[in-house]
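Report on the structure given below.
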Amino acid sequence: MSSNQDFVDKLFGLSSKIAQKSYDIADITAHSVVQSLDSIKDKIFDGSDADIFQPETVASSSGIFSSILPGINIVEPLKENWMYGLSISATTMLILWKWNRLLVQPDHVPQQKNMCVLIFGDMNDSIIRSEVMDLYRRRFTVFVCSEHSDSFKKFEEETDFIHPINPNSASDLTYFTEFISQTASPQNKLASVLFMPNLSYQPTGELSVNTMEHELRSNVLVYYNILLKLLPHLPGPDIQLLLFNPSLTYNLNVAHHSTELFISGFITSIFRSLQNYKTLDVSMINLGLFQVRGQLSNYKYINSSGSDIAVSLHAPVYKMIMTHNGNLLQKFVEYLCTCGGKAQIFYLGKFSFLSSLPFARRLIKSQIIFVRYFEWTTKLLKNNFDILYLKLQR
């Protein structure tokens, strides 16, 4: 609550500064106009001592417009401040003209900034690997914490764009904390922490207890333990944490095996627990269906297509990270969109939001049937038109 209050105070302080700057600009503009008119007064009036601001020499603004707009004299007390009003109006128009530029996000991290992200996840997962590649392409320094980090270190030529962290290595964790604590210019800034359990790996059939225990440990428990250890060393007080929840099959009640239900439940529990940390800004992202290079990447046993991962996952996640680390206006928009940090649950991917609604299974099945029927009808009509076109050509 205190951080939100500090942000509002900063925002109103910025508004006060803008208003003061506008008044200063208006004052400078008014004096410049008066001085310019004084300098040319002699040329206009042949060196006479007439005051160009007296009504005998120059008609007042109310006198000019009174014949056109009856009742204009009611603004007579404001005629001396017309230049201030004009200058403030021009300044306001300039601010509004540049308003959108303050909200636009760059396509990548500016070169003068060193921003890094910490990802808890396994690069063997196609969705996680795709997200890592996208963040690297956008000029983030990417740290990946995984039990398989040693396999990345063996292939440095192929994975030199990431900094692997072994959760069991004290030296790797120390290197990361020292990296984000450097005070050299430009300073390394931790932009976001991404908590990503396996999102596209779903083994078929029933799992043994040992296998299920390994899945839960490697997907959630190891990462959560390291996150709690790192929290005291992370630069606060407003660290963004994005929790990725593979909740689609849980919401639809079509989970292929119990591990999917456990992992989704664990992520939801962690989300609610970490919201009590004042140094964290926690958001949970419920995931739907995604396609990587035209092929369904997760929940392959669901007979449907997915949304493009670049548009439905990469772009929104990047925008969330940059908005959280943006200027005051961008942070204020984020504050409004999340209702002051109270609405921190998001839905990305096909069927992600639809699956959270009542009667979701029926709605999704109806949509799948409709899409299939539409595609079949379109294909049939296209074939008939092609045949008709060939006959006409003959």
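At a glance:
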{"item": "Rh by Kirkwood over Cα pairs, then Stokes-Einstein D for region 114-356 at 1.567 mPa s and 4 °C, µm²/s", "result": "70 µm²/s"}
{"item": "Listed residue pairs exceeding 19 Å between alpha carbons, taken from 113/229; 113/342; 229/331; 278/331; 189/319", "result": "113/229; 113/342; 229/331"}
{"item": "Relative contact order (percent, whole number), region 234-278, Cα cutoff 8 Å, 6+ residue spacing", "result": "39 percent"}
{"item": "Dipole moment magnitude, nearest 20 debye, region 114-356 about Cα centre, only Lys, Arg, Asp, Glu C-beta charged", "result": "700 debye"}
{"item": "For residue 188, distant residues with modelled amide H under 5 Å away", "result": "182"}
{"item": "Exposure proxy ranking, count of Cβ atoms within 10 Å, fewest first, for 149, 273", "result": "273, 149"}
{"item": "Cβ-defined net charge surrounding residue 320, 11 Å radius [Lys, Arg +1; Asp, Glu -1]", "result": "-1"}
{"item": "Cα centre as origin, Lys/Arg/Asp/Glu Cβ charges: region 248-373 dipole, Debye", "result": "260 debye"}
{"item": "Cβ-based exposure ranking for 162, 267, in which fewest neighbours within 10 Å come first", "result": "162, 267"}
{"item": "Under 5 Å, built H, 5+ apart or other chain: amide partners of residue 282", "result": "241"}
{"item": "Karplus 3J(HN,Hα) series, Hz, for region 171-187 with 6.51 cos²θ - 1.76 cosθ + 1.60 (x for Gly, Pro)", "result": "5, 5, 5, 5, 4, 5, 5, 5, 5, 7, 9, 5, 9, 5, 9, x, 6"}
{"item": "Ascending count of other beta-carbon atoms within 10 Å, so fewest first, for 172, 150, 125", "result": "150, 172, 125"}
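All of the numbers you see were taken from the coordinates with simple rules; none came from a lab. In this text the structure is predicted, and so the values were computed from the model without any measurement. We place every Cβ from the backbone using ideal geometry, glycine too, and count neighbours over all the protein chains shown.
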